[in-house]
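Reading through the structure tokens given below for one structure.
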Amino acid sequence: MGKGSLTSDWLPAYKAVPRHLFVPEVIWPGRAGRNRQDERVVRAEDPATWWAAVHRDAPITTQWDDGKYTGPGKGRIPSSSNSMPTMVFSMLDALSVEKGHRVLEIGTGTGWNAALLSHRLGAGNVISVEVDAASARDARQRLRAAGFEPFVVVGDGAEGYAESAPYDRVIATCSIGSVPRPWVKQTRPGGIIVAPWGPVYGGEAVVRLEVSGDGTATGRFMGSSAFMRLRGQRTERRHVREYLGGRDWPADGMRSTTFLSPEAVGDWHVMFAIGVQMPNAFPWAESYGDGSYTLWLRDMAVTSWATVDYVPGRAEFEVRQSGPRRLWDEVVAAHRWWEGRGRPGFDRFGLTVDGGEERVWLDDPRDVVGVVT
């Protein structure tokens, strides 16, 4: 925890609420900076590896496919985790809690975050919403065993929990692509919302919003994050064959070339900058054994696709595009904008939530980059 995220305010909670009390017996350890999981570890079978995972500053996957997959390998989509400690405490620090504050947590997960908040503020001031009934049940048991009994309710986190509103603080332990308006409505004027936010395209960062008396919320992004999506905001991504209309690639894709390497658009903050300008589209890389790959781009409406073939050592790359949107051209334009604005990182971007839309901006709320409706 020597990365500056554990402030003196949270040190007593860190010491009093050890992570291992909130890690299940069966886990899939992750690695910091990588969205991949190691093989399943069962505590009774390999306690040394289990403990090593607990003490590593990395996320731990605790559920796959909303609980439908139990092992022994890996499921298709990770659906719950115990977050990496530096991320947990950096978000708690951003929450700026004070004595007497009431906090709404979206996503109870294993219960560790709720326990840390309960230690700091008192369990009576913590309300946690968890969509998965089994996860909520297990979290309650762990919390009770550790000496905490915050109010854990099973429900849709996007709706918040109006019965106990208003709240001084709202924190989400799942990512969103649009701020649920109930969170804003249930937060007092002057209150803070901390949540991981990212566009469909990819790239994600934690945003810290302050709620105003007029019902709007605005604030800056703090830094990179990679959380599992709020269930109600997950997107269905159709297979490439549906875009090709039953034909083999390249189907009707128009050929061109580009000097912009797919390698130049793959970093998380670059994907974010592209994604806020390129709504409802997403990338996928089809890798080959020699280090080359095809970058696929598809739109959510299943009308347009593009491919870019990356070959190591080359300076020019083949492009194929089909449909009303020229998706690679959109990437090139967004990347050109990003370079022209000095290659901004997450900390130069901000978000304003206002009525029926939210606006991503650069440096100043008046410099709008993208709009989410």
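A short reminder: the numbers here are calculations on the coordinates, not readings from a lab. It should be emphasised that the depicted structure is a prediction, and the values quoted were computed from it without experimental measurement. Positions of Cβ are backbone-derived with ideal geometry, glycine not excepted, and every protein chain shown enters the neighbour counts.
The value for the chain of Rg(Cα) / (2.2 N^0.38 Å) is 1.03.
Comparing Pro199, Trp50, Met222 along the charge dipole axis of the chain, the residue lying farthest to the positive side is Trp50, per the Cβ-charge model. Assuming charge only on the beta carbon of Lys and Arg (+1) and of Asp and Glu (-1), the dipole of the chain about its Cα centre is about 460 debye to the nearest 20. Comparing Gly350, Val319, Val368 along the charge dipole axis of the chain, the residue lying farthest to the positive side is Gly350, per the Cβ-charge model.
In this structure the amide hydrogen of Gly223, modeled in the peptide plane, comes within under 5 Å of the amide hydrogens of Val206, none closer than 5 places in sequence on its chain. Around the Cα centre of the stretch 240-340, unit charges on the Cβ atoms of Lys, Arg, Asp and Glu (plus for the first two, minus for the last two) sum to a dipole of about 260 debye. Just checking the listed ones, Val207, Val308, Val179: in the Gaussian network model of the chain with Cα springs under 10 Å, the one fluctuating most is Val308. Computed over the alpha carbons of the stretch 21-147, Rg followed by Dmax gives 14.8, 45 Å. Treating the angle as unsigned and between 0 and 90°, give the value, to the nearest 10°, between the Cα long axis of helix 85-95 and the longest Cα principal axis of the chain. The angle comes out near 80 degrees.
Based on the reciprocal of the average 1/r between different C-alpha atoms, the Kirkwood radius for the stretch 82-240 equals 15.6 Å. Computed from Cα atoms, the angle from the helix 133-145 axis to the main principal axis of the chain rounds to 40 degrees.
Would you mind checking the tilt of helix 112-121 against the longest principal axis of the Cα atoms of the chain, expressed as 0 to 90 degrees and rounded to 10? Approximately 50 degrees, to the nearest ten. The charge dipole of the stretch 25-82, taken about its Cα centre with unit charges on the Cβ atoms of Lys, Arg (+1), Asp and Glu (-1) only, comes to about 220 debye. In the stretch 241-361, the ratio of gyration radius to Kirkwood radius, Rg to Rh, stands at 1.00 when only Cα atoms are counted.
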